[in-house]
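The values are calculated or read from the model by the stated rules, or taken from the named source; none is laboratory data. Since we're looking at a predicted model, the values are computed, not measured. Positions of Cβ are generated from backbone atoms using ideal geometry, with glycine treated the same way; all protein chains shown enter the neighbour counts.
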Amino acid sequence: MKNICVIGSLNMDLVVNVDTMPKPGQTLLGGNFKEVPGGKGANQAVAMARLGGNVSMIGKVGNDGFGKTLVEALKSDNVNTDYIHTADSSTGVAFITVDKNAQNSIVVAPGANFEVNKEDVDKNIDCIKNSDIIVIQLETPLETVKYALQVAKYLNKYTILNPAPALKLDDEIISNVDLLTPNETELEIISEIKIENEDDINKAARSMIAKGVKELIVTLGSKGSLYINEEKSFFKPAYKVEAIDTTAAGDSFTGALAVALSNNKTMEEAMDFASKVGALSVMKEGAQSSLPVLEDVSNFRG
């Protein structure tokens, strides 16, 4: 099995359930409230570890209760936290509302995540050197993302970028990505191509390939996922389940892909595995609390 290094965010998710999303200026009484360990980087690292991956993480938390809780949560899931350090600012938090249709709305206060810089990449270079697959998201500064991808490619590592939350990316970032895993909205933003149908998805994906991305998997929610590289494309339908909460569904999918690829699975096998993991994750509430273990996936008959 190959080693995986995740470079990314750790947040405490503050989650409240509502019947409907509030309109501007409206106050609603919510239902259940929970504090759930989250952050795209940490979610993906936990997803990988629970699926049997060998994963380490580079990131930062604040010197506060949330930070200590987040690091302990990673340790309890067997993520190597040797490369997670403490910053002067507060730990990142995400305010999440989940409606009765399992759709969510999220506002993130990055905190310590935005103190992850180039020096942190250099200081923790062993995490990259000792890994075969490097997984990055966009909840840390773009300059750090760019530098980390440059370093990873210089060291001949396989790079996965989950471009969330979506931002316009310069060509240097894009050219150092082996596998890009956007959803439709993220692909539209980073490609600057309006997406209204499957032809638009293909056009937008091809524009990324023209800029140097080796391959893409576009996640299409309950419809499934679409693989595209320079020579071929294929569609993987989603497994049909009753969704309760879609928080971290994309993170579980990307994490599962990385684990399958670390086990030398084909891309078709990796996407099927990730589709099962994604389906299982939406059947439970929360971010890390919804992520399945390998036994769950083995027993899944969607």
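Looking at the range 185-205 only, could you name the residues that are among the charged types (D, E, K, R), under 14 Å from Ala166 (Cα atoms) and assigned to a helix (DSSP H, G or I)?
Glu186, Glu188
From Lys2, Lys75, Lys68, Lys23, grab the single residue that is in contact (Cβ under 8 Å) with a residue 24 or more places away in the chain and not small (Gly, Ala, Ser).
Working: Lys75 fails: in contact (Cβ under 8 Å) with a residue 24 or more places away in the chain; Lys68 fails: in contact (Cβ under 8 Å) with a residue 24 or more places away in the chain; Lys23 fails: in contact (Cβ under 8 Å) with a residue 24 or more places away in the chain.
Every option except Lys2 fails the conditions.
Considering only the range 26-133, give the strands (runs of 3 or more DSSP E) lying wholly within it that have at least 1 residues that are farther than 21 Å from Ala249 by Cβ and of a type in the set (Ser, Thr, Tyr).
Numbers: elements: 33-38, 54-62, 80-87, 92-98, 104-109.
Strands (runs of 3 or more DSSP E) meeting the threshold: 54-62, 80-87.
Here is a list of conditions, (1) of a type in the set (S, T, N, Q); (2) more than 19 Å from Gln103 (Cα to Cα); (3) surrounded by 23 or more Cβ atoms within 10 Å (Cβ to Cβ), and Thr219 meets all of them except one; can you say which number that is?
(2)
How many residues does the range 206-222 hold that are within 25 Å of Thr140 (Cβ to Cβ), touching a helix residue (DSSP H, G or I) at 6+ places or on another chain (Cβ under 7 Å) and not in a helix (DSSP H, G or I)?
Summing the residues that are within 25 Å of Thr140 (Cβ to Cβ), touching a helix residue (DSSP H, G or I) at 6+ places or on another chain (Cβ under 7 Å) and not in a helix (DSSP H, G or I) in the range 206-222 gives 7.
Select from the range 147-173 the residues that are in a helix (DSSP H, G or I) and modelled with pLDDT under 95 and write down the one among them that is surrounded by the most Cβ atoms within 10 Å (Cβ to Cβ). Show your work before the answer.
Taking the range 147-173 first, the residues in a helix (DSSP H, G or I) are 147-154, 171-173.
Those left that are additionally modelled with pLDDT under 95: 171-172.
Numbers: Asp171: 10, Glu172: 12.
My answer is Glu172.
Exactly one condition in (1) surrounded by fewer than 22 Cβ atoms within 10 Å (Cβ to Cβ); (2) under 23 Å from Glu35 (Cα atoms) is not met by Phe300; state its number.
That leaves (2) as the condition not met.
Residue-by-condition table, conditions (1) surrounded by fewer than 17 Cβ atoms within 10 Å (Cβ to Cβ); (2) basic (Lys, Arg); (3) modelled with pLDDT under 95:
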| residue | (1), (2), (3) |
| --- | --- |
| Thr69 | yes, no, no |
| Lys75 | yes, yes, no |
| Asn78 | yes, no, no |
| Ala112 | no, no, no |
| Cys127 | no, no, no |
| Ile136 | no, no, no |
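Here are some residues: Lys2, Lys34, Lys23, Lys40. Which one is of a type outside the set (S, T, N, Q) and surrounded by 24 or more Cβ atoms within 10 Å (Cβ to Cβ)? Explain how you work it out, then say what you get.
Details: Lys2 fails: surrounded by 24 or more Cβ atoms within 10 Å (Cβ to Cβ); Lys34 fails: surrounded by 24 or more Cβ atoms within 10 Å (Cβ to Cβ); Lys23 fails: surrounded by 24 or more Cβ atoms within 10 Å (Cβ to Cβ).
After applying the criteria, what remains is Lys40.
Quick check on the range 169-204: of everything there that is among the aliphatic types (A, V, I, L, M) and closer than 20 Å to Ala258 by Cα, which residue is nearest to the chain's Cα centre (by Cα)?
In the first step, residues of the range 169-204 are kept if they are among the aliphatic types (A, V, I, L, M); the result is 169, 173-174, 177, 179-180, 187, 189-190, 193, 195, 201, 204.
This time we only want the ones that are closer than 20 Å to Ala258 by Cα, so: 173-174, 177, 179-180, 187.
Numbers: Ile173: 17, Ile174: 17, Val177: 15, Leu179: 13, Leu180: 11, Leu187: 15 Å.
Taking the candidates together, the pick is Leu180.
Name the single residue, out of those in the range 240-282 being modelled with pLDDT under 95 and surrounded by fewer than 18 Cβ atoms within 10 Å (Cβ to Cβ), that is farthest from Val15 (Cα to Cα).
If we take residues in the range 240-282 being modelled with pLDDT under 95 and surrounded by fewer than 18 Cβ atoms within 10 Å (Cβ to Cβ), then Lys240 is farthest from Val15 (Cα to Cα).
Could you pull out the residue among Ala258, Ala243, Ala204 that is of a type in the set (A, V, I, L, M) and in contact with a strand residue (DSSP E or B) (Cβ under 8 Å, 6 or more places away or on another chain)?
Values: Ala243 fails: in contact with a strand residue (DSSP E or B) (Cβ under 8 Å, 6 or more places away or on another chain); Ala204 fails: in contact with a strand residue (DSSP E or B) (Cβ under 8 Å, 6 or more places away or on another chain).
Result: Ala258 is the single residue among Ala258, Ala243, Ala204 that is of a type in the set (A, V, I, L, M) and in contact with a strand residue (DSSP E or B) (Cβ under 8 Å, 6 or more places away or on another chain).
Let me spell it out: the conditions are (1) of a type outside the set (D, E, K, R); (2) free of Cβ contacts under 8 Å to residues at least 60 places away in the same chain; (3) surrounded by fewer than 15 Cβ atoms within 10 Å (Cβ to Cβ), and Ser90 meets all of them except one. Which number is the exception?
(3)
Does Ile84 satisfy being more than 14 Å from Gln288 (Cα to Cα) and crowded, with 22+ Cβ neighbours inside 10 Å? Spell out how you get there, then give the answer.
On the way: more than 14 Å from Gln288 (Cα to Cα): yes; crowded, with 22+ Cβ neighbours inside 10 Å: yes.
Judged against the criteria, Ile84 is a match.
What is the residue count in the range 48-63 for residues that are farther than 15 Å from Ser131 by Cβ and touching a strand residue (DSSP E or B) at 6+ places or on another chain (Cβ under 9 Å)? Step through it out loud before you land on a result.
Of the residues in the range 48-63, the ones farther than 15 Å from Ser131 by Cβ are 50-52, 60-63.
Still in the list and also touching a strand residue (DSSP E or B) at 6+ places or on another chain (Cβ under 9 Å): 60-63.
Result for the range 48-63: 4.
Condition check: touching a residue at least 12 places away in the same chain (Cβ under 8 Å) and either crowded, with 24+ Cβ neighbours inside 10 Å or closer than 20 Å to Leu138 by Cα (or both). Does Val61 satisfy that?
Values: touching a residue at least 12 places away in the same chain (Cβ under 8 Å): yes; either crowded, with 24+ Cβ neighbours inside 10 Å or closer than 20 Å to Leu138 by Cα (or both): yes.
Yes; evaluated as a whole, the condition is true for this residue.
How many residues are of a type in the set (A, V, I, L, M) and under 15 Å from the mean Cα position of the chain (by Cα) if we restrict to the range 280-302? Lay out the reasoning, then the answer.
As a first pass, look at the range 280-302 and keep what is of a type in the set (A, V, I, L, M): 280, 282-283, 287, 291, 293-294, 297.
Now restrict to residues that are under 15 Å from the mean Cα position of the chain (by Cα): 282, 287, 291.
Result for the range 280-302: 3.
Inside the range 241-302, counting only helices (runs of 4 or more DSSP H) that do not spill past its ends, which hold 3 or more residues that are free of Cβ contacts under 8 Å to residues at least 24 places away in the same chain?
Details: elements: 249-262, 267-281, 294-299.
Ranges flagged: 294-299.
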